[in-house]
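FYI, it's all coordinate maths here, none of it is from the lab. The model shown is predicted, which means the values in this text are computed figures rather than measured ones. Backbone-built Cβ (ideal geometry, glycine too); neighbour counts: all protein chains shown.
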């Protein structure tokens, strides 16, 4: 019997704490699916979720982040058309000058009311949930 299991991933909502209104970092993906995304990626074997989040943030944005909260897990089997993934989303803070690297073609800082419309995966839902949490203290339901 062959088993197929979902793949664990992390996404990191990075708030730039040294800028007014604490904009967040989004990357423009270099590989398919193309478009804007929250920085993140696959968890390596033998790696904790938190370690993966810090590593992925550094690889894609050149920022050393401080994780402040594990926000929510997103597991819709259709969230990534390439394969079934489960994303553990973290909220992090950082200072400095972000720079696109690794899988990021470019990056940009966005105010919460300016998120781009062409977001990859389920990142539009994640950012809506984040906005609601940040402004009203309401976390997504399991």
Seminar exercise, completed: Calculated from DSSP helices alone, with each H run of at least 4 adding -39500 (n - 2.57) and the total divided by the residues of the chain, [θ]222 nm to the nearest 500 comes to -6000 deg cm²/dmol
Exercise. When DSSP beta bridges are limited to those with both residues in the chain, what percentage is antiparallel, rounded to the nearest 5?
Worked result: 65
Seminar exercise, completed: In nanometres, the difference between 0.36 nm per residue of separation and the alpha-carbon distance of residue 7 and residue 32 is 7.3 nm
Problem set entry | Calculated FRET efficiency for the pair residue 84/residue 22, C-beta based, R₀ 30 Å, to 0.05 | 0.35
For this session: Run the numbers on segment 11-136 and let me know its relative contact order in percent, using alpha-carbon pairs under 8 Å that are six or more apart.
Result: 33
Problem set entry | Förster radius 35 Å - calculated FRET efficiency between residue 76 and residue 114, Cβ distance, rounded to 0.05 | 0.85
Exercise. Using alpha carbon centroids, what distance separates segment 110-142 and segment 1-16, in Å?
Worked result: 18
Seminar exercise, completed: With a Förster distance of 22 angstrom and the Cβ-Cβ distance between residue 42 and residue 101, calculated FRET efficiency to the nearest 0.05 equals 0.85
Exercise. By how many degrees, between 0 and 90 and to the nearest 10, does the Cα long axis of helix 49-61 differ from the longest principal axis of the chain?
Worked result: 60
